[in-house]
Amino acid sequence: MSLILLGINHKTAPIELRERVAIPRESLAASATSLMGVSGVSEAMILSTCNRVEILTAAESSDVDIAGFLHRHLGVDPALLKPHLYVYRDREAIRHLFRVAASLDSMVVGEPQILGQVKEAYTVAREAGTVAAQLEPLLQSAFAAAKKVRSETEIGSTTVSIASVAVDLAQKIFGSLGGKKVFLVGAGKMSELAARHLIRHGAGKMFVSNRTPERAVQMAGRFSGAVAPQVVPWEQMREAASSADIVITSTGAAEPIFRKEDGQAFLHKRKNRPMFFIDIAVPRDVDPEMNRLEGIFLYDIDDLQSVAAAHLAERTREAADAEAMIAAEVERYHLKLKAVNVAPAIVGLQQKAEELRLAELKRVQARLGGLTAEQFAAVEALSRGLVNKFLHPPMQALKQAAREGDVARIETIRETYSLGTETGVAGAEEASVGAVIGAARPANDRVEERAPAADQDEPVIEKVGL
């Protein structure tokens with residue numbers, strides 16, 4: 001089983017390309033389900049944010065054609081997309097996922113929104129039935145690692161989100177946000193976060209509009225008092241925008257909702273008083289042509305990167321600590337993964353020993369015929385106890401080899417005990433319990449030193465007088 005993570009992000013692709021491959025939230029479940037139709041894919045999750053589109057899969061091999069799915073599913077020319085794609089496999093895929101969840105791969109390092117976005121992608125995939133035994137523990141470990149980074153470093157202690165960077169930029173342009181009218185287009189978490197930052201920095205009246213009005217009402221309801229945004233019907237969105245000094249857009253629209261002619265109309269109504277647009281949506285909500293108008297100041301998400309870079313410099317030391325923490329968590333998960341992989345061998349060893357134990361008991365059962373039921377039960381318990389003791393060293397050796405990644409040693413133990421393949425259990429060879437025990441026992445007596453003590457209520461030979 002292989003892990004494959006393929007994607008593009010703000011470091012590898014321009015916003016124009018990210019717009020073309022962005023997958024709306026309402027399409028994520030269907031896309032993940034469609035991905036399961038790719039030969040060799042057993043589990044899948046898709047993360048699509050304003051800065052990245054990433055596909056995480058558990059697959060039968062590392063050669064599964066995930067890029068081909070992306071090309072076919074999105075209808076994007078492979079020659080256009082290929083130079084911007086990155087692919088991570090197995091351990092590197094784990095590391096990348098952990099770094100993304102911990103916000104170490106974000107435009108604004110330390111921003112908290114990405115963890116929520118990864119969790120949302122996981123929820124969608126889980127409800128669609130495309131996340132199961134392989135990706136479930138991986139994602140839970142990624143969430144735990146991200147939580148640990150946030151709680152044990154100061155990486156999230158200062159201004160960190162895209163929304164907050166946008167508000168910082170507005171402050172630099174206007175000097176003060178006091179009394180400025182703000183119009184939020186889109187009622188998602190990004191809009192809500194931007195609203196809270198704006199309130200904190202003294203913004204005046206706020207308005208919010210969303211294509212689904214219930215979401216705008218819900219968002220406004222999470223504020224109280226005079227700072228609560230006033231909900232504007234979507235049909236009146238342009239009229240509201242013309243009266244705003246600052247327009248922050250973060251919708252999931254596939255096409256721009258504000259075009260150059262809208263900007264011209266806004267400026268005419270405002271008697272050329274300047275307007276400031278911050279477009280933090282991908283695909284973009286505001287046509288870049290709007291920026292050509294004198295009096296319109298438009299910034300998209302890539303423009304925010306220079307502001308984010310300043311935050312990044314402040315966080316270098318914390319980021320270094322966080323990177324070390326992630327490396328340790330990746331190693332911990334990798335070792336756990338290896339340990340899981342020897343589980344079939346351990347189960348096979350136990351089953352084989354049990355089969356042999358029962359066979360030996362059956363073989364000598366005639367000679368034990370004179371025993372009472374209590375005495376026979378004691379003999380059976382004795383045989384079980386001995387088998388458990390003699391299985392202890394090879395089982396510990398398997399676990400240790402898994403922790404150390406010693407594949408050759410695992411294979412040697414499998415061959416020694418005739419355990420067959422990693423998923424199978426050896427056939428019923430005619431070996432005896434003694435042969436198994438003999439193979440397990442090393443030349444010295446360390447077996448006895450490592451073997452667990454017998455249970456206190458376990459019968460021993462002396463008790464039944466044998």
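The values are calculated or read from the model by the stated rules, or taken from the named source; none is laboratory data. Please read these numbers as outputs of a predicted model, since none were measured by experiment. In this analysis, Cβ positions are derived from the backbone assuming ideal geometry, glycine residues included, and neighbour counts consider all displayed protein chains. What goes into the accessible areas is simple: the full protein's heavy atoms, side chains included, and nothing from ligands, DNA or RNA. Shrake-Rupley method; radii C 1.70, N 1.55, O 1.52, S 1.80 Å.
Distance in nm between label sites at Ala79 and Thr212, each 7 Å beyond Cα in the beta-carbon direction?
In this crude spin-label approximation the distance works out to 4.0 nm.
Would you tally the net charge around Leu198, using a Cβ to Cβ cut-off of less than 13 Å, leaving Leu198 out, and scoring K and R as +1, D and E as -1?
On the way: positive: Lys180, Lys181, Arg196, Arg200, Lys205; negative: Asp168, Glu192, Asp245.
That sum, taken over residues with Cβ under 13 Å, equals +2.
Place a point 7 Å from Cα of Glu136 in the direction of its Cβ. Which residues in segment 112-127 have their backbone N less than 20 Å from it?
118-127
Going by Cα centres, segment 33-98 and segment 211-229 are how many Å apart?
Each part reduced to its Cα centre gives a spacing of 37 Å.
Compute the accessible area per residue over segment 370-413, keeping the other protein chains in place, probe 1.4 Å, unit Å². Present the calculation step by step, with values, prior to reporting the outcome.
On the way: 2260 Å² over 44 residues.
In whole numbers, segment 370-413 has 51 Å² accessible per residue.
Indicate the gyration tensor shape class of segment 153-302 (rounded, prolate or oblate), computed on the Cα atoms with a ≥ b ≥ c the square roots of the eigenvalues: a/c under 1.5 is rounded; otherwise a/b larger than b/c is prolate and the rest oblate. Please report the intermediate quantities before stating the final value.
Numbers: a/c = 1.37, a/b = 1.22, b/c = 1.13.
Rounded.
In terms of the Cα gyration tensor, with a ≥ b ≥ c the square roots of its eigenvalues, is segment 4-105 rounded because a/c is under 1.5, prolate because a/b exceeds b/c, or oblate? Can you show the working numbers first?
Working: a/c = 1.35, a/b = 1.07, b/c = 1.26.
Judged from the Cα gyration tensor, segment 4-105 comes out rounded (a/c under 1.5).
Accessible area of segment 39-164 with a 1.4 Å probe: how many percent of it is carbon plus sulfur?
Details: 2270 of 4830 Å².
Solvent-exposed carbon and sulfur of segment 39-164 make up 47 percent of the total.
Only Cα pairs under 8 Å and at least 6 apart count here; give the relative contact order of segment 113-201 as a rounded whole percent. List each step's numbers first, then the result.
Details: 31 pairs, mean separation 21.0, N = 89.
In percent, rounded to a whole number, it is 24.
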